[in-house]
Amino acid sequence: MKFQPIPSPHIADYVVLGIFLFVCMGIGIFYGYRSDKKSSLENYLFGNRKLFLVPVSMSLFVTFASAISLMGIPAEVYIYGTMYMYTTLAFIFSVWIAGVTVIPMLYPLRLTSTYEYLQLRFRSRAVRLLGTLIGMFQTIAYMGVTLYAPALALQTVAGIPLWMSIIVIGAIGTFYTSIGGIKSVVWTDVFQFIMLFTGITAALVKGIMFVGTGGELKAQLDAGNRLQFDDVRADPTVRHTVWGCTFGLIFSWLPSWCSQASVQRISSLRSINAAQNAYFLLLPIIVVYNVTLALMGLLMYAYYRMADCGPFEGGLVSSMNQMTPYFVFDVLRGLPGMSGVYVACLFSGSLSTLSSGLNALAANTVEDILPRSFRPSKLSLTMVAKLTVVVYGVIAIGIAYSLQYISGPITQICFAIFGACGGPMAGLFFLGGLFPNANWIGALVGSLSAMIINMWIAIGGQLYGTAPVPLEPITTIGCFPGDTSTSDGMWNSTFVSTAMLNSTRATTLSTAGISSLVTDVIGSSPTFSPYNISYMWYGMIGFTVTVLLGVVVSCATGLDRGNVVDSSLIFPYCRRFWGLEVDRLSMMETYKISLIPKKVAQHQHVPVDTVITSSPNNIPTQ
């Protein structure tokens, strides 16, 4: 197979991309116009809780199936092999756990903010604010990463400046979210779901046509040692093992299904059965999606190995994160417009994540951050939510632009954020849902300690940790035919220095020499360092520290014996274990009634003696 440089994007590609962006904005304008006729915060954030199961499930999926996974998973498999595929099991387990614990507990409470649960459960506004800030920080950081991914792709294949792509994507997502609310987000996500799978399918089919799926593909993968499924080491510093990818990553994904963006969607459905089914519908979609992207990574490796030209190794792309869009444009070169479909696919992943995150942040701001004493009217509160969407959109754009200075695989950056922030946040929900006697002191101490430990490990790992060692790279002989000065010696130097190995020694190494150098590097660091802990374990560390330390501190401070915890705030499967029964008037109902002024309560025929204004058992005081 002879290597040919990829052509510039065809005019048809730009037309397809323009149509895609126009449709996204059109959906936002349509629902913005409809919402103005019956403007309310409930309609803006929840669609009056009358949305449909399948669209919401699609929206849930594309919220987290961002451009990060579209670009990152194939590149991950291309560089490091197939051990990453065990993460599919972690996704499945995390969705199932959330579906049988968090969702049946939170849906009946009809919360505006997910973190309102923390105030109800621990009777502490401080715990609620802490959980809110952790969740908002994770959401903003994730939005920045997912904005950065397609911008990087466009810079690679179209030469569009990084800053321009980031601003265009960020501005469009902010625009249709701010004017249309949750309905525009969900229905735009449905359209983006279709575009996403269309783009993946097109690239996959063309890749199979070039490489095939039979003996030739397997021969190339075996020769490059890409098929790996047997690393069962218990060492937490090994980047990808069966245990880390399967069990460690559960606690990095679990907070995603407990987050404001997710719970806000299932709360917009008509029944609790629909809410649970929306989660369970994710399971087959996740399996198909991950397997498809992994196959694309394997095809990408075989394709360039057969051409004797590794684009990254040969300097044709500046980052491994650019490999996937480069491959797609390469194999779709003879189909004008199809490359535009793939770029639209990347935009779909970014816009869905951005819009979902912005809508969730708006809900957190008006419900959790804005003090009740400063709250304007309902109409003005909706306007405040729309303005905060714009503010957070600008912040996400700034973060995305700054990510160009951070090295490493984009999937690793994403999961490091999820694990470091999400583990403590999920720990708070499970501490409250599993242990009725856990108190607000234990919740604060456990989650704060977990955040400090996780951020220390994550930031230290980025600054001082040992870089992951790639598998054997592809030669570049086919990239520069007839030019012996750019053969093995040149690409080995480029590749090894990028892998952060010893560049002085690397310049004279051959392909066989890389293997010996990798062995030297691994063998030279026998001592354990927390900075070398795999990012797969960040979530589990944060979750475990939060729950265990929370229980211990609660026991040391007298538990929560002074107040009886409402059973509706405990996971349904745990109520019988603790001997709890659901109260006739739940704490949530009492809390809502307590916010109604007495004159309004009398007008609405709510018994005045049920209007609680200062009871410490129902209104948080810490």
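With an 8 Å Cα cut-off and a minimum separation of 6 or more residues, compute the relative contact order for region 20-406 in percent.
It comes to 40 percent, rounded to a whole number.
Put one equal scatterer on each alpha carbon of region 87-164, apply the Debye formula with no solvent term, and list log10 I(q)/I(0) at q = 0.12, 0.16, 0.25 1/Å to two decimals.
-0.59, -0.82, -1.12
Between Thr544 and Val288, what is the label-point separation in nm under the 7 Å Cα-to-beta-carbon projection?
Here the answer is 3.7 nm between the modelled labels.
For a Förster distance of 30 Å, can you work out the FRET efficiency between the beta-carbons of Tyr14 and Leu471, rounded to the nearest 0.05?
For Tyr14 and Leu471, the calculated efficiency is 0.25.
Using the Karplus curve 6.51 cos²θ - 1.76 cosθ + 1.60 with θ = phi - 60°, work out ³J(HN,Hα) for each residue of region 73-90 in order, rounded to whole Hz, and write x for Gly and Pro.
5, x, 5, 4, 5, 4, 8, 10, x, 9, 4, 4, 5, 5, 5, 4, 5, 5
Counting Lys +1, Arg +1, Asp -1, Glu -1, what net charge surrounds Arg239 among other residues with beta carbon under 13 Å of its beta carbon?
Surrounding charge for Arg239 is -2.
Over the alpha-carbon set of region 20-406, divide Rg by the Kirkwood Rh and report the Rg/Rh ratio to two decimals.
With Rh from the inverse mean 1/r over Cα pairs, Rg/Rh is 0.98.
Report ³J(HN,Hα) in whole Hz for each residue of region 319-324, in order, from the Karplus equation J = 6.51 cos²θ - 1.76 cosθ + 1.60 where θ = phi - 60°; Gly and Pro get x.
Per residue, the Karplus-derived 3J(HN,Hα) values read 8, 4, 5, 9, 4, 5 Hz.
Read-outs throughout are calculated quantities, based only on the coordinates presented, and are distinct from any laboratory measurement. Since this is a predicted model, take the numbers as computed values, not measurements. Positions of Cβ are backbone-derived with ideal geometry, glycine not excepted, and every protein chain shown enters the neighbour counts.
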